[in-house]
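A short write-up of the structure that comes next.
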Amino acid sequence: MKIFNTLSRKKEEFAPLSGNKVNIYTCGPTVYDFFHVGNARVFITFDMVRNYLKFRGYDVKFVQNFTDIDDKMIKRANEEGITVRELGDRFIKEYFTDADALGIKRADVHPRATEHIGDIIDIIKILEDKGYAYEVDGDVYYEARKFRDYGKLSHQNPDELEAGARIEPGEKKKDPMDFALWKAKKPGEPAWESPWGEGRPGWHIECSVMAMKYLGETIDIHGGGPDLIFPHHENEIAQSEAATGKPFAKYFMHVGYLNINNQKMSKSLGNFFTVRDILKKYDPEVLRFFMLSSHYRSPINFSEDFMQQARSALERLYNALYTMEHLEKTAVDKEPTAGEEQYLKIQQQNKEKFIEAMDDDFNTADAIAALFDMVREFNVNINENSSRKVIIKTIELLLELGKVLGFFGKFKQGELLDEEIQRKIEERQQARKARNFALADKIRDELKEKGIILEDTPAGVRWKRQN
Ligand SMILES: Nc1ncnc2c1ncn2[C@@H]1O[C@H](COP(=O)(O)OP(=O)(O)OP(=O)(O)O)[C@@H](O)[C@H]1O
Ligand SMILES: [Zn+2]
């Protein structure tokens, strides 16, 4: 299996640090608002990565933090007249509402920065003792030039970095490249006691500390969005490696941008859709399908057109499953013929194509293509005279692989095909015309049992599936 590592800018053979255990840390949301579709790309990607590693037999431990203290949090809390804690509580809850709806599994640990202040202070003290950190009037800075490998993740040398760095008004650092580990309290800000006086932690140090606390000094995979390579992850490396003398993460994985008209979707540009709003219009799996139709590192453009394409492609997969199930009901109980054995072999090859694609740095686009190949093979080779075993095998394969990508959560065996529903509705209409209301009610109840709700409207009978 290969993973593209931002550290080497190459696809590398994946080998966990210890046996088949894989520890993953990804940077989670700053909880001052609902998350948008761009943020969701990161969460959905790592959910897929996690599923696939599990599918490959790895024992995965996954940690994703909540940044619940920073300038944005403080500003929003003040605007709303609530505490930073209350704001964090509220949007952590909202995060879970949307993430659960998207089928993103909970992490093994979701640590909050503000609940790790003591751990953060301990690491800053170590950095100070080792000569990597200095204090000025209650602020503590990390001295970037002291760390020999500074720039190794973003592939820039310190002089280039120096040229791009600034000292903002109010900052008291010695060198523009240095960054804050601890910020002295300003009026109206929440603050914690520390050896440098009251203050709060910087953003970068919280991730170093929480990653190491829950996953050890060296983790297997560290992930996040593209804008985190520099400075955030570069600084996390500098802090963690200076403190422990060990590599911080073996692989760094960065997701590509989700754009809108070729511009990054972001809160500050105002060109964003929240997941909450998108889910009013689209099924969560459609959003997932849209994202996974492209490789996770490619930039993608978000648009209604693409979402509709994703919707109809996903529907084709669902319809294939329902067709398979329908044929299965009338299929023959017999051993597969030689031709069917050959068919099963081809389906096995399609499964291998899926695995090969996913092994190649999680190429979900090609993996989805393998699912469609599977459906095509089925349509060509299977009919109502086929062996039941063969049909069941195909359903199992498609479900097994689709679920790795987070699809088919709504496929319930025993559901009816659209045409069957239509036929039953017509039967019911006939019964009503013949004033056989008992039969009409019976049909209605049967449909209800299968999760189909009928609605009598002046324009005729409409139906929908109950979610
Ligand atoms: N358009 C995007 N495409 C891909 N990833 C993104 C995009 N916007 C944000 N992210 C990622 O989402 C994750 C959550 O970040 P966070 O909550 O801090 O976002 P944010 O900084 O508030 O978003 P914004 O950039 O809209 O202000 C990060 O890993 C970040 O890199
Ligand atoms: Zn982080």
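The values are calculated or read from the model by the stated rules, or taken from the named source; none is laboratory data. Quantities reported herein were computed from a predicted structural model and do not represent experimental measurements. Every residue, glycine as well, gets a Cβ built from its backbone with ideal geometry; the counts of neighbours run over all protein chains shown. Areas reflect the complete protein model, heavy atoms only, side chains present, ligands, DNA and RNA absent. Shrake-Rupley method; radii C 1.70, N 1.55, O 1.52, S 1.80 Å.
Here is a list of conditions, (1) open to solvent by less than 10 Å² (accessible area, probe 1.4 Å); (2) part of a helix (DSSP H, G or I), and I3 meets all of them except one; can you say which number that is?
Here I3 clears every test but (2).
Just checking, which of I237, I260 is more than 12 Å from ligand 1 (Cβ to nearest atom) and in contact (Cβ under 8 Å) with a residue 12 or more places away in the chain?
Working: I260 fails: more than 12 Å from ligand 1 (Cβ to nearest atom).
So the residue among I237, I260 that is more than 12 Å from ligand 1 (Cβ to nearest atom) and in contact (Cβ under 8 Å) with a residue 12 or more places away in the chain is I237.
Working only within the stretch 11-48, note down all residues that are in contact with a strand residue (DSSP E or B) (Cβ under 7 Å, 6 or more places away or on another chain), open to solvent by 10 Å² or more (accessible area, probe 1.4 Å) and away from ligand 1 (no atom under 16 Å from the Cβ).
K11, E12, E13, F14, P16, L17, N20, K21, N23
Read through the list (1) assigned to a helix (DSSP H, G or I); (2) surrounded by fewer than 18 Cβ atoms within 10 Å (Cβ to Cβ), then give the number of the only condition that Q347 fails.
For Q347, the failing item is (2).
Read through the list (1) more than 16 Å from ligand 1 (Cβ to nearest atom); (2) within 28 Å of the chain's Cα centre (by Cα), then give the number of the only condition that S154 fails.
(1)
For the stretch 139-164, what are the residues that are in contact with an Asp or Glu (Cβ under 9 Å, 6 or more places away or on another chain) and either in contact (Cβ under 8 Å) with a residue 60 or more places away in the chain or within 16 Å of D227 (Cα to Cα) (or both)? Show your work before the answer.
Of the residues in the stretch 139-164, the ones in contact with an Asp or Glu (Cβ under 9 Å, 6 or more places away or on another chain) are 139-145, 147, 149-154, 156, 161-162.
Correct list: D139, Y142, A144, F147, D149, Y150, G151, K152, L153, S154, Q156, L161.
Just to be sure I understand, how many residues within the stretch 443-467 are loosely packed, with under 14 Cβ neighbours inside 10 Å and not β-branched (V, I, T)?
Restricting attention to the stretch 443-467, the residues satisfying the condition of being loosely packed, with under 14 Cβ neighbours inside 10 Å are 445-446, 448-449, 453, 455-460, 462, 464, 466-467.
From what's left, not β-branched (V, I, T): 445-446, 448-449, 455-456, 458-460, 462, 464, 466-467.
Within the stretch 443-467, residues that are loosely packed, with under 14 Cβ neighbours inside 10 Å and not β-branched (V, I, T) number 13.
Can we say L447 is touching a residue at least 40 places away in the same chain (Cβ under 8 Å) and in a helix (DSSP H, G or I)? Before you say what the answer is, go through the steps one by one.
Working: touching a residue at least 40 places away in the same chain (Cβ under 8 Å): no; in a helix (DSSP H, G or I): yes.
Spelling it out, it is not the case that L447 is touching a residue at least 40 places away in the same chain (Cβ under 8 Å) and in a helix (DSSP H, G or I).
Being within 16 Å of ligand 1 (Cβ to nearest atom) and either surrounded by fewer than 21 Cβ atoms within 10 Å (Cβ to Cβ) or not in a loop (DSSP other than H, G, I, E, B) (or both) is the filter here; which residues of the stretch 193-209 pass it?
Filtering the stretch 193-209 for residues within 16 Å of ligand 1 (Cβ to nearest atom) gives 201-208.
Matches in the stretch 193-209: P201, W203, H204, I205, E206, C207, S208.
Kindly indicate whether any position in the stretch 55-65 is part of a helix (DSSP H, G or I), surrounded by fewer than 24 Cβ atoms within 10 Å (Cβ to Cβ) and away from ligand 2 (no atom under 16 Å from the Cβ). Spell out how you get there, then give the answer.
Taking the stretch 55-65 first, the residues part of a helix (DSSP H, G or I) are 55.
Next cut, surrounded by fewer than 24 Cβ atoms within 10 Å (Cβ to Cβ) only: 55.
Applying the additional criterion that residues be away from ligand 2 (no atom under 16 Å from the Cβ) yields 55.
The answer is yes, given that some residue of the stretch 55-65 is part of a helix (DSSP H, G or I), surrounded by fewer than 24 Cβ atoms within 10 Å (Cβ to Cβ) and away from ligand 2 (no atom under 16 Å from the Cβ).
Yes/no per residue for (1) more than 33 Å from the chain's Cα centre (by Cα); (2) free of Cβ contacts under 8 Å to residues at least 12 places away in the same chain:
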{"residue": "K329", "(1), (2)": "yes, yes"}
{"residue": "D359", "(1), (2)": "no, no"}
{"residue": "A370", "(1), (2)": "no, no"}
{"residue": "N383", "(1), (2)": "yes, no"}
{"residue": "I391", "(1), (2)": "no, no"}
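Name every residue in the stretch 334-344 that is assigned to a helix (DSSP H, G or I) and touching a residue at least 40 places away in the same chain (Cβ under 8 Å), in order of residue number.
Just the residues of the stretch 334-344 that are assigned to a helix (DSSP H, G or I), to begin with: 338-344.
Passing the criteria: G339, E340, Y343, L344.
For the stretch 174-192, give me the residue count where each residue is in contact with a Leu (Cβ under 8 Å, 6 or more places away or on another chain) and open to solvent by 10 Å² or more (accessible area, probe 1.4 Å). Even if it seems obvious, please write down each step before you answer.
Taking the stretch 174-192 as the starting set, the residues that turn out to be in contact with a Leu (Cβ under 8 Å, 6 or more places away or on another chain) are 177, 181.
Subset that is open to solvent by 10 Å² or more (accessible area, probe 1.4 Å): 177.
Of the residues in the stretch 174-192, 1 are in contact with a Leu (Cβ under 8 Å, 6 or more places away or on another chain) and open to solvent by 10 Å² or more (accessible area, probe 1.4 Å).
Considering only residues that are closer than 22 Å to M324 by Cα and touching a strand residue (DSSP E or B) at 6+ places or on another chain (Cβ under 7 Å), which ones fall in the stretch 414-461?
L416, I421, L447, G451, I452
I'd like the full set of residues that are of a type in the set (S, T, Y), over 30 Å from F407 (Cβ atoms) and open to solvent by 50 Å² or more (accessible area, probe 1.4 Å), limited to the stretch 67-118. Steps first, answer last, please.
First, the residues of the stretch 67-118 that are of a type in the set (S, T, Y): 67, 83, 95, 97, 114.
Filter once more, keeping what is over 30 Å from F407 (Cβ atoms): 67, 83, 114.
Hit for the stretch 67-118 is T83, nothing else.
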